[in-house]
Amino acid sequence: MKLKQHLNNLTILVTRPHPAGAELCDLIELHGGHAIHLPTITFESLINEKNFIDSIRLIGQQNCLIFISPQAVYASISVLRREWPDLPPYVKLAAIGGGTAKALLHAGYQATIQPKENWGSEEFLALPEFQSLIKQKIAIIRGEDGRELLEQTLTARGAHVLSILAYRRVLPKINIKSYQMLLKQNTIDTMIITSGEGIRNLMKMIEQTLHPFLLTIPLIVVSERIKKLAHDLGFQTIWVARNASHHAILEFLAEKRKELCLMKTNP
């Protein structure tokens, strides 16, 4: 991956969870930036729950298996392999975005359905494969308490949907003091936010007395939905990257580098 612009003189706070957040930090450093990783979500596995295992055993009855996120792949793949060493060829694999498709590929599976450019439930639901779904059986591997849009829309279009909960998102237990010191020192030039829950958790993790510092930091988000949420929370400068991929975020950082450097010298 080669950028047209380097990221020198930028200090970037990355809130994306492990392992993708650490990967993004490495890429930022590779291109000359200084990355600080503050994952605002961690995950607890639900794969030992009886409901999860029973649901995985029903995958052979499905027409399509959708993975909602890379974490859905990481959490479920060992049980999927154990229960289905040879996945039936009629079960089409679908990924909500490129990161999820990449996680599947690394696990040895090929997603035959995925959005080409923009990632997210709305873009996924616009794919031609999901317009007329009468009597189709679709399983979704997802997290607990996630958005219901995908399941609700597929059901409304005629599909029988099996929702398989593989993980839950939790607020990380992190010593936040060093991060809060960076806020006080006005060290951070921009923050990367990749989910609505991530930005809500960030607000919970940072002391309320420091929110005025936090809200002045320019945000780079990955959807208009997250932009609206950030605006409602009081953030002042919010930009939207092309999609949630590392490459799109890095390209956007490079595009905004000069502007961010000017903002730093002329606060």
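The values are calculated or read from the model by the stated rules, or taken from the named source; none is laboratory data. Here the structure is a predicted model, which means the values were calculated and not measured. Methodologically, a virtual Cβ is constructed for each residue, glycine included, from the backbone with ideal geometry; neighbour enumeration extends over all protein chains shown.
Please find, within segment 52-61, the residue that is farthest from Gly146 (Cα to Cα) out of those that are surrounded by fewer than 16 Cβ atoms within 10 Å (Cβ to Cβ) and of a type in the set (A, V, I, L, M).
Leu58
Only a single criterion out of (1) closer than 21 Å to Leu183 by Cα; (2) out of contact with any Gly (no Cβ under 9 Å at 6 or more places or on another chain) is not satisfied by Asn9, namely (2).
Step by step: first the residues of segment 60-79, then only those that are touching a helix residue (DSSP H, G or I) at 6+ places or on another chain (Cβ under 8 Å) and of a type in the set (S, T, N, Q), then the one that is modelled with the lowest pLDDT. Which residue is that? Only one residue tops the list, namely Ser69.
The number of residues in segment 1-51 that are buried (at least 17 other Cβ atoms within 10 Å of the Cβ), touching a residue at least 60 places away in the same chain (Cβ under 8 Å) and more than 16 Å from the chain's Cα centre (by Cα) comes to 12. Exactly one residue out of Thr209, Thr153 is more than 30 Å from Lys258 (Cβ to Cβ), free of Cβ contacts under 8 Å to residues at least 12 places away in the same chain and not acidic (Asp, Glu): that is Thr209. Among the residues of segment 221-239, those identified as surrounded by 15 or more Cβ atoms within 10 Å (Cβ to Cβ), assigned to a helix (DSSP H, G or I) and free of Cβ contacts under 8 Å to residues at least 40 places away in the same chain are Ile226, Lys227, Leu229, Ala230, Leu233.
Screening Ser69, Ser55 for residues that are among the small types (Gly, Ala, Ser), in the same structural domain as Lys135 (by TED's automatic domain parsing) and within 22 Å of the chain's Cα centre (by Cα) leaves exactly one candidate, Ser69.
Residue by residue, here is whether (1) without any contact (Cβ under 8 Å) to a residue 24 or more places away in the chain; (2) surrounded by 21 or more Cβ atoms within 10 Å (Cβ to Cβ); (3) in contact with a Ser or Thr (Cβ under 7 Å, 6 or more places away or on another chain); (4) of a type outside the set (Ser, Thr, Tyr) holds:
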site: Ile96; (1), (2), (3), (4): no, yes, yes, yes
site: Ala101; (1), (2), (3), (4): yes, yes, no, yes
site: Leu105; (1), (2), (3), (4): yes, no, no, yes
site: Lys116; (1), (2), (3), (4): yes, no, no, yes
site: Phe124; (1), (2), (3), (4): no, yes, no, yes
site: Ile134; (1), (2), (3), (4): no, no, no, yes
site: Ile138; (1), (2), (3), (4): no, yes, no, yes
site: Leu149; (1), (2), (3), (4): no, no, yes, yes
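Listed conditions (1) surrounded by fewer than 17 Cβ atoms within 10 Å (Cβ to Cβ); (2) within 24 Å of the chain's Cα centre (by Cα) are all met by Tyr109, apart from (1).
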